[in-house]
Every structure is written in C-alpha cells, then in structure tokens.
Amino acid sequence: MIIQAQGIEKSFGTLKVLKGIDFSAEKGEVVSIMGASGAGKSTLLTILGTLSTPDGGSLVIDGTDVLKLDSKGLSAFRNRKIGFVFQAHHLLPEFTALENVMIPAFIAGRSDSEAKEEATRLLALMGLADRVSHKPSELSGGEQQRVAIARALINNPAVLFADEPSGNLDSATKAEIHALFFELREKLGQTIIIVTHDPELAAMCDRTLNMKDGLFID
C-alpha cells in the first residue's frame, strides 16, 4: 500500500467533519472521492496530503508514519513524496512555465541543471515543449493546469493529490486533463487521488468512494 489511513477524525470547533475514515490506495491506483459540498472530501485530502493534522487516527504514506514526523521532517517529506494539483493553478506570475515547474526541485536541493532537465522533460510530456518560456498570463487555462501538474510531479512523488483539478475548465479542456491523469499512470506508474464533483472523471477511475457527513458510504 502506498497510503494506509485508519480512523481519521477531524473537528473544527464543535463540528465533527471526519468521523473515523479508513482509506488505502495501492501504487499506480487512481481513486476518486465524491460527495456533496461539506461532506469532508477536501478536509480528508488535506490530511492525506499532510497539509493538515487529524485529531485522531493513523496515516502511513510510502512506508513512513507521517504523524510521527516533526514539522521540519514533514515539510521535507511532503516536498519529496507528495504532489498537489488544485482547481486554481497557483502558478507564480513572474516566472516562466519552466521556472514554475523547477521551484519544488530547488526546495528539494536538486541542482539547477538537474531541475531544468527534469522540468523540460515533464513539460514535453504535458505537450508543452513549445511553451516552456511562456509566463502564466500567456497560457490558456488548460495549459496552466498542465504546468501545475508538471510542477507537482517534478520530485517524482509517491502520490499525486488533485482537488477539483478540472473545475475551472471548459468541457473540451476538461476531457484533455482527465485523459492526462491516466497517461501519467501508464507512463510513470503514478498513484493519483482525486476529489471531484465530475461524474465523468470519477467513472474513469479504478475506484470511486462516496462521502457523506464525514464518512464513506456504500
């Protein structure tokens, strides 16, 4: 198992958002998580992605008990082992596509030449070989999301987490981004966990888990 989570609980004040979630994923598996707004999907994703700490439960990712890491160790683990793609691309506007993709590699301590070579390779894999020197404002929404996906993959993460990755895109671009996730699985063996409202994307995944009121339902 790449991810093994058990009994995950999370409350905000008196509101219990997650009520003892068990979740696991195999290497190379693409899993979607669906549910109405407020079901707890994004809260679960931030915990599985180590951006948030649960109130209870256990979480092992790629053999590491992440809840036992201190903040510095957790940051380093997240940089090396976890990639994120959000609905908003969060690209830095002053940097080119290539530079945006290279940033996590620099944080991981990789050399300039190594980061540049890997970023160039990933952007080509995304179909953006001719757009590497463009800044985000010069790219379409779909192209920006492809840059964001390349950035998420630069350190060869154990897991790629995507939160509504096609939520801001038109239907044609959305279909391209959906197909891209499965290309990544085929070419890189990437494990991908996707929170989505999109039934077409969910139907493409190996498994779909439905959430309601902080629990998975059948």
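The values are calculated or read from the model by the stated rules, or taken from the named source; none is laboratory data. Computed from a predicted structure; not experimentally measured. When we count neighbours, we look across all protein chains shown, and the Cβ atoms used for this are built from the backbone with ideal geometry, even at glycine. In case anyone asks, the SASA skips ligands and DNA or RNA and just uses the protein heavy atoms, side chains included. Shrake-Rupley method; radii C 1.70, N 1.55, O 1.52, S 1.80 Å.
Per-structure values
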{"quantity": "Total residues in the stretch 84-134, condition part of a helix (DSSP H, G or I) and within 21 Å of the chain's Cα centre (by Cα)", "calculated": "20"}
{"quantity": "Checklist (1) closer than 19 Å to ARG131 by Cβ; (2) of a type outside the set (A, V, I, L, M); (3) surrounded by fewer than 22 Cβ atoms within 10 Å (Cβ to Cβ) applied to ARG146, failing item", "calculated": "(3)"}
{"quantity": "Wholly within the stretch 1-59, strands (runs of 3 or more DSSP E) carrying at least 1 residues that are surrounded by fewer than 18 Cβ atoms within 10 Å (Cβ to Cβ) and charged (D, E, K, R)", "calculated": "3-12, 15-25"}
{"quantity": "Among (1) assigned to a helix (DSSP H, G or I); (2) over 20 Å from ILE3 (Cα atoms); (3) open to solvent by less than 10 Å² (accessible area, probe 1.4 Å), the one test that ARG151 misses", "calculated": "(3)"}
{"quantity": "Meets criteria (closer than 18 Å to LEU45 by Cα and not hydrophobic (A, V, I, L, M, F, W, C)) for GLU164", "calculated": "yes"}
{"quantity": "Strands (runs of 3 or more DSSP E) fully within the stretch 161-218 counting 3 or more residues that are farther than 20 Å from VAL147 by Cβ, out of contact with any Asp or Glu (no Cβ under 9 Å at 6 or more places or on another chain) and of a type in the set (A, V, I, L, M)", "calculated": "none"}
{"quantity": "Any pair with Cβ under 6 angstrom, 6 or more apart, that starts in the stretch 43-66 at a residue that is closer than 15 Å to LYS16 by Cβ and ends at one that is assigned to a loop (DSSP other than H, G, I, E, B)", "calculated": "ILE47/PRO54"}
{"quantity": "Single residue of the stretch 60-75 satisfying the filter (hydroxyl-bearing (Ser, Thr, Tyr) and over 17 Å from the mean Cα position of the chain (by Cα)) that is most open to solvent (accessible area, probe 1.4 Å)", "calculated": "SER71"}
{"quantity": "Which listed residue is hydrophobic (A, V, I, L, M, F, W, C) and under 27 Å from SER166 (Cα atoms), from PHE95, PHE106", "calculated": "PHE95"}
{"quantity": "Conditions (1) of a type in the set (D, E, K, R); (2) in a loop (DSSP other than H, G, I, E, B); (3) open to solvent by less than 60 Å² (accessible area, probe 1.4 Å): number failed by ARG78", "calculated": "(2)"}
{"quantity": "Residues that are open to solvent by 50 Å² or more (accessible area, probe 1.4 Å), among the polar types (S, T, N, Q) and within 22 Å of THR43 (Cα to Cα), drawn from the stretch 167-218", "calculated": "ASN168, THR208, ASN210"}
{"quantity": "Some residue of the stretch 64-80 being touching a Phe, Trp or Tyr at 6+ places or on another chain (Cβ under 8 Å), under 23 Å from GLN190 (Cα atoms) and of a type outside the set (Val, Ile, Thr)", "calculated": "no"}
{"quantity": "Count of the stretch 171-202 residues which are more than 15 Å from SER32 (Cβ to Cβ) and polar (S, T, N, Q)", "calculated": "2"}
{"quantity": "Test for ALA124: is it small (Gly, Ala, Ser), surrounded by fewer than 18 Cβ atoms within 10 Å (Cβ to Cβ) and under 24 Å from PRO199 (Cα atoms)", "calculated": "no"}
